[in-house]
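Report on one structure; see the data block that follows.
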Amino acid sequence: MLSNMETNPHVELAEADRLARKARIAATDYPTSASLVLIVADVVLIGVFIAVGLSAGMIVGWLAFLAIFHTVLRLRRHARPRAPWATPTSRRQLLKTITLDVAVNAVWIPLFFLARPVAIGLLLAALAWSLVGTLKYRHA
Amino acid sequence: MSVADLDPVIHAPKRLGAMAMLNATEWVEFSFLRESLDVSDSDLSKQMTQLVDAGYAKVRKSGFGRGATTWFGMTAAGRKAFERHVAALRAVVDQAPIPD
């Protein structure tokens with residue numbers, strides 16, 4: 001492949017794009033196992049929350065779990081991502097993510113106080129959707 | 001943009017591949033670069049030294065002893081040079097017929 005690139009700019013560009021995509025995925029993608037761990041942890045968190053309600057210990061435990069999870073994930077990666085505001089494309093993606101998060105929570109938080117079973121049901125449905133997506137991605 | 005805008009430091013296929021990976025990330029591990037580019041340790045070291053010497057790449061090490069890992073990142077000058085080189089390459093492609 002590399003020897004062909006010397007004389008063929010089409011192949012050079014295609015190979016550069018492939019390698020860039022590979023590096024980007026290595027820097028940002030969640031391995032299937034990590035996605036499953038996060039989904040299981042979310043379900044456990046929801047279960048504990050339903051059983052005993054919100055407590056300081058639960059918040060500290062969750063934050064400690066997230067810190068360990070992301071540290072392990074970061075240490076296992078072979079590439080580190082660029083800052084989300086580093087390029088126009090990533091800035092647009094960041095803005096889209098924040099807008100979506102704000103919009104979803106603007107609906108979900110009032111639901112949580114006004115119709116808790118519906119809010120919890122939606123959360124579990126979102127997690128099930130995420131689980132299906134994770135497993136489908138693994139088999140793709 | 002024309003052939004004259006192609007950067008001789010980046011133009012070598014292995015270095016172009018390495019630059020594409022560095023441009024897509026903040027830091028890339030030496031071993032990941034080596035496997036992705038399908039080159040030997042010494043070859044990659046040689047290619048990366050040229051990029052570092054040209055001011056296009058930067059290097060840092062993490063860990064100690066046998067667990068030490070070498071990471072490469074791209075400098076601001078490297079990003080500009082890479083974008084210019086890729087734009088010139090695309091201009092060449094646009095002017096050239098698609099190969100069989």
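Every read-out reported here was derived from the displayed coordinates using simple, explicitly stated rules and does not represent laboratory data. Keep in mind it's a predicted model, so treat the numbers as computed, not measured. Don't worry about glycine lacking a Cβ; one is built from the backbone with ideal geometry, like all the others, and counts go over all protein chains shown.
Structure data summary
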item	result
Residue list for the range A:85-101, filter: within 14 Å of chain B (Cβ to nearest Cβ) and either touching an Asp or Glu at 6+ places or on another chain (Cβ under 9 Å) or surrounded by 14 or more Cβ atoms within 10 Å (Cβ to Cβ) (or both)	A:Ala86, A:Thr87, A:Ser90
Complete set of residues in the range B:45-62 that are farther than 27 Å from A:Pro84 by Cβ and in contact (Cβ under 8 Å) with a residue 24 or more places away in the chain	B:Gln47, B:Gln50, B:Ala54
Candidates B:Ala57, B:Ala12, filtered to the one that is closer than 20 Å to A:Arg21 by Cβ and of a type in the set (A, V, I, L, M, F, W, C)	B:Ala57
Residues located in the range B:5-31, provided they are assigned to a helix (DSSP H, G or I), away from chain A (no Cβ under 12 Å) and touching a residue at least 60 places away in the same chain (Cβ under 8 Å)	B:Asp5, B:Val9
Selection count, the range A:49-70, where residues are over 19 Å from A:Leu36 (Cβ atoms), surrounded by 12 or more Cβ atoms within 10 Å (Cβ to Cβ) and of a type in the set (A, V, I, L, M)	1
Among the candidates A:Pro9, A:Pro81, residue that is in contact (Cβ under 8 Å) with a residue 12 or more places away in the chain, within 14 Å of chain B (Cβ to nearest Cβ) and not aliphatic (A, V, I, L, M)	A:Pro81
From B:Arg34, B:Arg90, B:Arg84, B:Arg79, residue being in contact (Cβ under 8 Å) with a residue 40 or more places away in the chain, of a type outside the set (Val, Ile, Thr) and either buried (at least 16 other Cβ atoms within 10 Å of the Cβ) or in a strand (DSSP E or B) (or both)	B:Arg79
Of the criteria (1) loosely packed, with under 10 Cβ neighbours inside 10 Å; (2) within 16 Å of the chain's Cα centre (by Cα), which one A:Pro117 fails	(2)
Qualifying residue in the range B:49-71 (condition: under 12 Å from the mean Cα position of the chain (by Cα) and under 15 Å from A:Glu12 (Cβ atoms))	no
Criterion violated by A:Arg77 - all others in (1) within 22 Å of B:Leu33 (Cβ to Cβ); (2) more than 15 Å from the chain's Cα centre (by Cα) satisfied	(2)
